[in-house]
Every structure is written in structure tokens, then in C-alpha cells.
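J.: Take this structure, written in C-alpha cells, and hold onto it; I'll ask about it next.
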Amino acid sequence: MKNIITLLVLTIGLYTYSQDKNTLDPKLENIAWISGTWYGEAFGGITEEIWSEPSGGSMMATFKLIVDGKVKFYEIEVIREVENSLILQLKHFGPDLKGWENKDETVDFPLKHITANKVVFEGMTFEKVSDNEMNIYVDINENNKIETVKFNYKKQTKKPLKPTQNVKKAQSNPKIDGIGDENIWQNTKWYPIDQLWLGSQYNSTDFEGRYKLAWTKKALYLLAEIRDDKLIDINEDPLIAWWDDDCLEIFIDEDNSGGEHQYNHNAFAYHIALDGNVVDMSTDKQGKLYNSHLESKRITKENTSVWEVKILVFDDTYKDDEKNTPIELLAGKNIGFALAYCDNDNSEHRENFIGSIPVEGEDKNRGWIDANIFGTLKLID
């Protein structure tokens with residue numbers, strides 16, 4: 001990978017665009033649209049590039065490539081005003097922050113020209129698609145053949161405020177019996193599970209869900225009521241396609257920090273199967289039972305199931321196959337949280353995935369990898 005990237009950035013290509021008659025002066029103010037936080041995909045991973053606004057005669061950026069949940073390398077980039085022109089310069093660093101280039105060495109891309117929607121350097125071009133999208137074209141010389149590679153980036157817009165729920169403290173530990181007759185449940189508000197994350201539109205006969213939450217010093221408590229006309233458990237092995245069976249899925253981000261959690265424990269996505277097994281993805285990139293994290297009881301009468309769950313909360317220092325201690329909960333703490341239900345009506349795969357939190361964009365099934373979509377629980381006395 002390092003050799004590929006070094007080849008990519010060291011090569012000054014011959015890629016050219018037809019010169020636009022309306023070229024702009026080589027000033028930072030004419031390329032300020034590059035500023036912002038951008039995300040894309042490249043080299044089998046996720047790229048993040050953050051450009052500052054022009055100031056002090058330069059724009060600065062940080063870049064990182066994440067593959068399988070781990071940083072492969074970083075970059076520091078600058079675009080500077082030099083002798084009535086601009087130059088893009090960068091340096092690379094490994095995941096341990098050890099530099100790739102020598103101490104005084106930089107990788108340089110002199111400016112060719114600027115138009116209203118393009119910034120063309122020798123070997124690298126920024127193209128504005130819209131206010132929230134850009135393409136970067138990079139010339140790669142391999143075996144004396146130049147190929148122009150296109151990278152598409154989307155800009156992170158201002159995040160909407162996460163939906164916040166106040167969660168009241170229980171004076172005593174609710175009994176996990178699937179009944180929910182304790183005082184805390186009698187005096188707590190129901191919240192709906194009504195956001196379609198995956199699948200076709202459903203009706204209330206097929207599915208309807210709601211939930212309540214409470215907490216004590218030792219755990220978070222959940223009471224969920226699910227109306228589902230068919231309960232399906234296709235896979236006897238709890239670690240095979242657990243998401244395609246009917247199950248309740250609980251998303252927990254202990255410090256409400258958001259971010260990626262696909263193969264790490266920055267957050268958890270607990271799937272509670274009909275038989276009570278609890279599964280999430282491990283750091284080994286495969287399903288793992290986390291039955292010790294949750295205690296649950298489900299009682300089903302006709303088409304209505306009541307799930308009562310005790311949830312131990314672990315922070316992001318959690319390590320698989322080691323002894324871990326759940327945190328103690330305190331009033332005022334914020335926890336990232338979402339709840340969802342996988343609904344299968346006797347198909348090979350689930351037909352619907354319904355969540356508690358509205359998710360922006362076309363891809364709403366991101367909770368298993370992206371804790372940014374979670375809502376916020378605020379613990380109160």
C-alpha cells in the first residue's frame with residue numbers, strides 16, 4: 001500500500017484540461033470552496049480530508065486513510081501563495097506518526113490554472129461538482145504509462161442536533177421478567193420505533209413497536225413492546241446471519257462520541273435473538289456472543305412481545321477475550337443510543353429493519369457501522 005501511495009503522489013503527471021478562457025487569479029480566495037470536511041473511499045478504505053479556510057497566505061489540510069477500522073497513513077497538506085502563484089505541498093506519516101519523507105523533503109504540486117470549478121495542479125486536480133461534492137483527479141505513472149484516477153468526495157455538512165431523550169433513574173432495580181410492572185415503568189414515557197431503515201413500507205398489522213428506558217448506577221434498562229405478526233428464527237446457530245432473524249437490536253455508544261465502530265468497540269450493536277442470545281461484531285471481524293452484557297426476558301402473547309432488558313454499559317477501552325468492568329452510571333451523563341427491530345416474515349433475508357431514530361440520506365442502514373446516527377440519552381434523577 002505504501003508503495004502505491006508513494007508512486008501516486010510522487011508522480012507529476014501530464015493530465016490536462018482544455019484551458020478555460022475564464023481563468024481566475026492564483027489567489028487562495030478563488031479556491032476557498034475546497035475548505036471543509038470531506039469523506040470518500042479509496043484503496044479499500046475510507047478517506048477523510050479536512051481543509052481549513054484561507055488564512056495567513058495558506059490553506060492547511062489533514063488526511064487519513066482508514067482500512068478495516070485502522071489508520072493506514074496520515075498526510076499534512078498545505079496550499080501556499082508563492083511568487084504570485086500557488087503550490088500544493090504535502091508530507092506523509094505512518095499510523096505511528098513516523099514520516100515517510102526526509103526531514104526537509106515535501107511532495108510538491110505547482111499550480112497550472114484556476115477556473116470557477118477547477119483547481120489544476122501538475123499531477124492533481126480538484127473539481128467542484130456542487131457545494132457538497134468534489135472530485136480529485138490524480139495522475140499515476142505505472143510502468144511508464146500514465147493513468148488518471150478519479151476520487152469522489154462528499155462534504156460533511158453541519159450535523160443536525162441528535163434527538164435527545166431524558167431517562168429517569170429507577171429507585172430500585174427492575175426485575176427482568178418481561179412483565180414491566182415496576183413503578184418506574186408505570187411512570188415513564190413510551191417512545192416509538194417507527195423509522196424505516198431498510199425494506200419496503202410496512203403497515204401496523206405487520207409491525208408496530210415502542211419502548212421505555214430507565215437507569216440505575218449499575219445498568220441501563222429497556223422495556224420494549226413489539227407487535228409482529230410472525231416471529232422467525234431461521235438460523236439455529238446464533239452466529240450465522242443473525243441479522244436476518246427476527247431480533248431486537250440495541251445500539252450503545254457509552255460516551256456519545258459517534259464515529260465508526262464496525263470492527264471496534266467505540267460503540268456496540270447488540271442483536272438479541274428470540275432465544276435470548278446476544279450477538280455483535282467482534283474486533284476479529286466476525287460475530288461473537290456478548291450474553292454477559294445483557295440480561296433479557298421476552299414474553300409473547302398472540303402477536304405482541306414484551307422484551308425487558310438489563311444493559312451493562314462498557315466504554316471504548318473494552319477488549320474482547322479480556323476481563324472488562326462495566327462503567328457506573330451517573331445523573332447528567334449522555335449516552336449514544338438507538339433501538340431497532342429486524343423483521344422477517346419467513347423469507348431468506350429480513351424484509352424490514354425499523355429503527356427509533358430518523359437517519360438522513362439514502363443509506364439509512366448505517367447504525368451497525370456509524371454511531372453518528374444514534375440519538376442521545378441524558379440520564380436524570
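J.: For the chain, report the % of Cα-Cα distances exceeding 29 Å.
T.: Distances greater than 29 Å cover 52 percent of the Cα pairs.
J.: Across bins of 10 angstrom width beginning at 0, how are the C-alpha pair distances of region 255-313 distributed, in whole percent?
T.: 21, 44, 27, 8
J.: Mind checking which of Leu330, Leu24, Met134 is farthest towards the positive end of the chain's charge dipole, using Cβ charges of +1 (Lys, Arg) and -1 (Asp, Glu) about the Cα centre?
T.: After comparing all options, I get Leu330.
J.: Ok, one more. Any of Lys70/Lys288; Lys310/Lys333; Lys27/Lys145 with alpha carbons more than 26 Å apart? Name them for me.
T.: Lys27/Lys145
J.: With every atom except the alpha carbons ignored, what do you get for Rg and Dmax of region 88-187, in angstroms?
T.: My reading of the Cα-based Rg and Dmax gives 26.9, 75 Å.
J.: Relative to the compact globular guide of 2.2 N^0.38 Å, what is the alpha carbon radius of gyration of region 182-296, as a ratio?
T.: 1.14
J.: Loop sites only, by DSSP: take the GluC sites (Glu not before Pro) in the chain that have at most 16 other C-beta atoms within 10 Å and name the longest stretch containing none of them.
T.: 106-235
J.: Please give the Cα centre distance for region 345-364 versus region 50-129, rounded to the nearest Å.
T.: About 39 Å separates the Cα centre of region 345-364 from the one of region 50-129.
J.: Assuming R0 = 45 Å, what is the FRET efficiency of Asp177 and Trp33, from their Cβ-Cβ distance, to the nearest 0.05?
T.: 0.15
J.: What does a probe at Glu225 reach in region 191-211, counting residues whose amide N is under 17 Å from the point 7 Å along Cα→Cβ?
T.: The answer is 191-194, 204-211, whose backbone nitrogens lie closer than 17 Å to the label point.
J.: With every protein chain in place, what's the accessible area of Ile252 (1.4 Å probe, Å², nearest 10)?
T.: For Ile252, the solvent-accessible surface is approximately 0 Å².
J.: Right, here's the next one. By the gyration tensor of its Cα atoms, with a ≥ b ≥ c the square roots of the eigenvalues, what is the shape of region 225-381: rounded for a/c under 1.5, prolate for a/b over b/c, or oblate?
T.: Note, shape of region 225-381 comes out rounded.
J.: Protein chains only, probe 1.4 Å: how do Leu289, Leu220 rank by accessible area, largest first?
T.: In descending accessible area the options line up as Leu289, Leu220.
J.: For the chain, with the dipole built from +1 on Lys and Arg beta-carbon atoms and -1 on Asp and Glu ones, taken about the Cα centre, which of Val149, Val71, Leu196 lies farthest toward the positive end?
T.: Value: Val71.
The values are calculated or read from the model by the stated rules, or taken from the named source; none is laboratory data. Note that the structure is predicted; figures quoted are calculated from it, not measured. Every residue, glycine among them, receives a Cβ derived from its backbone with ideal geometry; neighbour counts consider all protein chains shown. Heavy atoms of the whole protein, side chains included, go into the accessibility calculation; ligands, DNA and RNA do not. Shrake-Rupley method; radii C 1.70, N 1.55, O 1.52, S 1.80 Å.
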